[in-house]
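Everything below concerns the one structure shown next.
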Amino acid sequence: MKKYFTHFESPLGTMLAIGTETAITDLHMVSGKYVPKLGDDWIDSPTLPVFLQLRTELDEYFERKRKTFDVALAPEGTAFQRAAWVALTKIPFGQTRSYGEQAASIGSPKAVRAIGAANGKNPIAIVVPCHRVIGANGTLTGYAGGLDKKEFLLKLEGIL
């Protein structure tokens, strides 16, 4: 399957989107952790319809005109990671959950550390909103994009 990518600017800096012809597989802040290296055979395709839809939806999100995303997603991970990421998409805009609450929501209430690890490897920033997960005591804990970016996103959503 062919992989496509594009870079674009956002209020959080340069973003890297990766996907197929029909779905987003990755969205990273290039200044963050776990940013994949581009494959030699990947195609730079800023006008791919799925990337145009992603950029439109992100622009609307940053303008506070969008609270949910409709772009097709196809993140790659283990079954546990994918379950953790689906749970993230169910946290509404403007709300937070603790890692324990997220673990309980997928039927694994003791898997708090594993949830934290899965969230840290979330390949689709913002759209799969791991920034909405905070420590049980209300503190901002790890975020692959950087805690300053997590704080920005939570303020954008009116949480902080």
Which listed residue is modelled with pLDDT of 95 or more and of a type outside the set (D, E), from A125, A136: A125
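Can you spot a residue in the stretch 16-34 that is of a type in the set (K, R) and free of Cβ contacts under 8 Å to residues at least 60 places away in the same chain?
For the stretch 16-34, residues of a type in the set (K, R) and free of Cβ contacts under 8 Å to residues at least 60 places away in the same chain: absent.
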Candidate set from the stretch 131-149 (those that are touching a Lys or Arg at 6+ places or on another chain (Cβ under 6 Å) and assigned to a loop (DSSP other than H, G, I, E, B)); member that is surrounded by the most Cβ atoms within 10 Å (Cβ to Cβ): Y143
Matching residues in the stretch 55-72 - criterion: being assigned to a loop (DSSP other than H, G, I, E, B) and either of a type in the set (A, V, I, L, M) or loosely packed, with under 15 Cβ neighbours inside 10 Å (or both): E63, R64, K65, K67, T68, D70, V71, A72
In the stretch 85-96, residue surrounded by the fewest Cβ atoms within 10 Å (Cβ to Cβ) [restricted to those that are closer than 15 Å to L160 by Cβ and of a type outside the set (G, A, S)]: Q95
Selection within the stretch 12-54 - loosely packed, with under 13 Cβ neighbours inside 10 Å, in a loop (DSSP other than H, G, I, E, B) and out of contact with any strand residue (DSSP E or B) (no Cβ under 9 Å at 6 or more places or on another chain): T22, K37, D40, D41
Number of the exception - P129 against (1) in contact (Cβ under 8 Å) with a residue 12 or more places away in the chain; (2) over 24 Å from I24 (Cα atoms): (2)
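Every residue, every condition in (1) in contact with a Ser or Thr (Cβ under 8 Å, 6 or more places away or on another chain); (2) on the phi < 0 side of the Ramachandran plot; (3) outside the structural domain of L27 (by TED's automatic domain parsing); (4) not small (G, A, S), yes or no:
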position	(1), (2), (3), (4)
L88	no, yes, yes, yes
F93	yes, yes, yes, yes
E101	no, yes, yes, yes
P109	no, yes, yes, yes
G116	yes, yes, yes, no
N119	no, yes, yes, yes
I134	yes, yes, yes, yes
A144	no, yes, yes, no
E151	no, yes, yes, yes
Qualifying residue in the stretch 57-64 (condition: at pLDDT below 95 and either of a type in the set (S, T, Y) or under 19 Å from K150 (Cα atoms) (or both)): no
Inter-residue pairs, beta-carbon under 6 Å, first polar (S, T, N, Q) and in the stretch 104-117, second assigned to a helix (DSSP H, G or I), 6+ apart: S105/A87
In the stretch 91-120, the residues that are at pLDDT 95 or above, of a type outside the set (A, V, I, L, M, F, W, C) and within 24 Å of G19 (Cα to Cα): N119
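The values are calculated or read from the model by the stated rules, or taken from the named source; none is laboratory data. In this text, all values refer to a predicted model and were calculated from it rather than measured experimentally. For neighbour counting, all protein chains shown are included, and Cβ atoms are generated from backbone atoms with ideal geometry for every residue, glycine included.
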